[in-house]
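**Student:** Sharing a structure, written as structure tokens. Questions coming.
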Amino acid sequence: MTQVAFAPDVFTWPAEEPALIGGRCVPCGSITFPAPGSCARCGSLEIEQHMLPRQGTLWTFTTQGFLPKEPYAGGETAETFRPYGVGLVQLGDEVRVESRLTENDPDKLRIGMEMELTVVPFRVEPDGTEVMTFAFAPAGEA
Ligand SMILES: [Zn+2]
């Protein structure tokens, strides 16, 4: 099956160890994900690509319990939608990233737990191409 990345400029994939691609402001060192066009802190346009740590800690989370409103790029319909977890994951001391989580059971998630980046199927195109996106999984389960 053909697999493509949902947003190839946002994470490295296919890769043995996929990573999120952030941006680091050269003058002030501010790190942002996804990489911004200009630095929110100092306004500089000098942003260099910066690979983020693949592991972090869960800072907060919720469960997306209903189909998001348009525009929503996932392939589900109201019939096929399954709730998914959404979290803010703190990556090192660098940046906090909002991400889909592989776990949607709040009883299996806790603030401060170790999380690891993984790549999961997001939707399937009519021609069978599988579109992949990044998500965070509890460390050891990715
Ligand atoms: Zn800056």
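Readers should treat all values here as calculations from the given coordinates under stated rules, not as data from a laboratory. Not measured: the values here are computed from a predicted model. Note that we place each Cβ from the backbone using ideal geometry, even for glycine, and neighbour counts take in every protein chain shown.
**Student:** What is the spin-label model distance, in nm, from Ser38 to Glu125 if the labels are put 7 Å beyond Cα along the C-beta direction?
**Tutor:** 3.5
**Student:** Does anything in region 99-131 have its amide N under 20 Å from the 7 Å Cα→Cβ label point of Val4, and if so which residues?
**Tutor:** 119-131
**Student:** How many Å³ per residue does the convex hull of the Cα positions in the chain occupy?
**Tutor:** Taking the convex hull of the Cα positions in the chain, it is 129 Å³ per residue.
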